[in-house]
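Just so you know, all these numbers are worked out from the coordinates, no wet-lab data involved. For clarity, every value in this text was computed on a predicted model and none was experimentally measured. Don't worry about glycine lacking a Cβ; one is built from the backbone with ideal geometry, like all the others, and counts go over all protein chains shown.
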Ligand code: WQD
């Protein structure tokens with residue numbers, strides 16, 4: 001490949017792998033670093049099956065300062081980084097905060113340090129979790145960042161602060177933080193998708209595993225919220241649309257007109273769906289009947305959140321294209337694939 005070299009950390013993970021595919025599709029040359037702590041090396045084969053290109057892959061831990069410095073020194077042709085590598089479980093972060101502070105900051109700081117002597121465009125995986133329970137919906141990027149509800153959320157807030165500060169004093173560094181809403185679904189080939197370890201904590205992987213018979217009843221966490229049907233509302237976004245947003249962010253930083261050193265974009269669809277709407281969308285998209293019961297509220301859940309995505313549309317020329325039906329049917333195709341072909 002001859003395109004611009006973009007380092008994708010966490011590139012064998014759920015969002016990372018889809019982004020690698022979209023980078024190849026857009027003519028870039030992605031290079032993956034992943035320590036495989038929450039993913040399979042077989043994802044590289046899957047990416048090759050989809051794109052016809054085998055991305056360069058390095059298996060090491062970015063917490064290792066020496067290895068990170070050496071890697072970037074040896075790869076001076078890398079001029080962009082999409083940094084996914086991080087832990088992401090809200091519950092686990094509450095039980096093991098230090099594990100989260102280490103793993104979500106050491107790699108970021110090592111990477112910033114390692115590329116301080118060259119021009120670099122960096123895209124950072126942030127989260128709508130920084131908004132907490134928003135006062136105004138749809139929530140836009142100017143909304144206040146609320147006190148984090150979890151250590152995981154706190155790592156995203158602090159990482160944004162670090163990036164704003166460091167890019168502000170650097171000649172070389174430009175940063176875009178993408179605040180994701182709720183990524184779901186899988187690639188249309190069904191060759192890559194989400195691979196949760198153990199019982200899924202998130203709604204859509206739980207639904208697909210329940211539908212295939214791996215889990216029992218779905219518990220809807222509360223139906224007494226102040227929403228149309230009483231269940232919580234989220235802005236679900238197809239992972240392929242989300243992956244394309246990263247390519248759009250890289251492209252935007254290539255534009256000579258872009259003078260901003262640090263910027264933030266919401267990446268969602270701009271629409272909210274309740275838990276029951278998601279369950280029914282899955283049933284109608286797949287023809288599978290789901291069994292669910294209404295349970296108690298889950299501690300820490302936000303009642304409703306969906307994003308104002310106008311800024312991304314205007315400045316990144318990016319917009320989500322796939323709807324809830326596509327999200328559900330692709331997640332289901334992936335669940336069936338993985339049953340037949342465990343990775
Ligand atoms: C969605 C809705 C649950 C499971 C996660 C991350 C967060 C951010 C966004 C990245 C909620 C309900 C769920 C179940 C249910 N991501 N639910 N039964 O909580 O919005 O947040 O994605 O930064 O940090 O935690 O996503 O998929 O867990 O829940 O009723 O078995 O589904 O209560 O309303 P959430 P989720």
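Numbers for the structure displayed
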{"quantity": "Close pairs from the range 63-91: first without any contact (Cβ under 8 Å) to a residue 12 or more places away in the chain, partner assigned to a loop (DSSP other than H, G, I, E, B) and surrounded by fewer than 17 Cβ atoms within 10 Å (Cβ to Cβ), Cβ under 6 Å, at least 6 apart", "calculated": "67/60"}
{"quantity": "Test result for residue 226, surrounded by fewer than 16 Cβ atoms within 10 Å (Cβ to Cβ), over 27 Å from residue 304 (Cα atoms) and either more than 10 Å from the ligand (Cβ to nearest atom) or over 25 Å from the mean Cα position of the chain (by Cα) (or both)", "calculated": "no"}
{"quantity": "Given (1) in contact with a helix residue (DSSP H, G or I) (Cβ under 7 Å, 6 or more places away or on another chain); (2) over 21 Å from residue 285 (Cα atoms); (3) not in a loop (DSSP other than H, G, I, E, B), number of the condition residue 201 does not satisfy", "calculated": "(3)"}
{"quantity": "Identity of the residue in the range 182-203, within 7 Å of the ligand (Cβ to nearest atom) and either within 11 Å of residue 237 (Cβ to Cβ) or without any contact (Cβ under 8 Å) to a residue 40 or more places away in the chain (or both), that ends up surrounded by the most Cβ atoms within 10 Å (Cβ to Cβ)", "calculated": "182"}
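For (1) within 30 Å of residue 79 (Cα to Cα); (2) without any contact (Cβ under 8 Å) to a residue 12 or more places away in the chain; (3) assigned to a strand (DSSP E or B); (4) out of contact with any helix residue (DSSP H, G or I) (no Cβ under 6 Å at 6 or more places or on another chain), each residue gets a yes or a no:
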{"site": "117", "(1), (2), (3), (4)": "yes, no, no, yes"}
{"site": "121", "(1), (2), (3), (4)": "yes, no, yes, no"}
{"site": "130", "(1), (2), (3), (4)": "yes, no, no, no"}
{"site": "135", "(1), (2), (3), (4)": "no, yes, no, yes"}
{"site": "143", "(1), (2), (3), (4)": "no, no, no, no"}
{"site": "147", "(1), (2), (3), (4)": "no, no, no, yes"}
{"site": "157", "(1), (2), (3), (4)": "yes, no, no, no"}
